[in-house]
1. Determine, for 205, 35, the number of other Cβ atoms within 10 Å of each Cβ, and report the residues in order from fewest to most.
2. Can you sort 109, 198 so the residue with the fewest Cβ neighbours within 10 Å comes first?
3. Taking Cα atoms, how many degrees apart are the long axis of helix 118-127 and the longest axis of the chain, rounded to 10 and kept between 0 and 90?
4. With angles folded into 0 to 90 degrees, how steeply does helix 30-50 sit against the dominant principal axis of the chain? Use alpha carbons for both and round to 10.
5. What FRET efficiency do you get for residue 290 and residue 35 if R0 is 41 Å and r is their Cβ-Cβ distance, rounded to the nearest 0.05?
6. Any idea how far apart residue 282 and residue 252 come out in nm if each label point goes 7 Å out from Cα toward Cβ?
7. With a 10 Å Cβ neighbour count serving as the proxy for reagent exposure, in which order, fewest first, do 237, 66 appear?
8. How far, in degrees from 0 to 90, does helix 97-109 lean away from the longest principal axis of the Cα atoms of the chain, to the nearest 10?
């Protein structure tokens, strides 16, 4: 973990996807879809390569959004708030439940290398509640082959979703999970950015006749994937724009904090979507955490995310 430094956090303004690159309705042209995806990816690439101190919190917030969409794809009803609670309020070592495990898969993606070997894939398969099989075991090599083709990044992502659909139709969540890994590999990012799952149920994959969905491998899927990526990148940059000023404020007020262990808490806030208001560390008691978060909230450096009077969660 890097030590917080106020200068880059205070002066850095994350890029936004330009308005002319945001899809405003059905996109019928493959060329237009590719153009929109390229413009949006350029903004996102600039953000990732700037590597702001709060990039961990940003990735984990995107992981939460993607996990909520994946849970809905799995036919469950848990919301973002419920997933956040299941993860951050569980007892140490306790299982977060099926929906919480889906969240865990996207959290792991957002915090690890983009290399998908057999061990990483098997861990994701287990978290997603899928049955292991030889066709899934072949996916890391297939992913490598797809990335090495040198095709544009959105088409690489679409190809791995299609490949998973071909070999295991019931494993669609894994396809979307791998898509972000493939995209990051093609973009040469060190860590994947959770993106595409949040658009899997969205307008990008609605058929132009509005009579169904565009399925992986079906006609128009690559075009739809480009549009979905443009929308996802737009949302990711918007979220970065929300987080950046709060992170700058957090670093600004850090010298005013007298609580022992405050520096560790600041780093946790920069690295994750949320932290329990009763966090305990070697240097900080539950009571000390409560006082520290009350102080940070009063200073405008963090937000209380749950809306509750107890079992509170805090984040940028």
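Since every read-out is calculated from the coordinates, none of them should be taken as a lab result. The structure presented is a predicted model; accordingly, all values stated were derived computationally and were not measured. Backbone-built Cβ (ideal geometry, glycine too); neighbour counts: all protein chains shown.
1. Working: 205 20, 35 16.
Listed from fewest to most nearby Cβ atoms, that is 35, 205.
2. Numbers: 109 27, 198 24.
Sorted ascending by nearby Cβ count, the order is 198, 109.
3. 80 degrees
4. Around 30 degrees separate the two axes.
5. Details: r = 51 Å, r/R0 = 1.24.
My answer for the efficiency is 0.20.
6. It is 3.3 nm.
7. Values: 237 19, 66 29.
So the residues, fewest neighbours to most, are 237, 66.
8. Orientation of helix 97-109: about 90 degrees from the principal axis.
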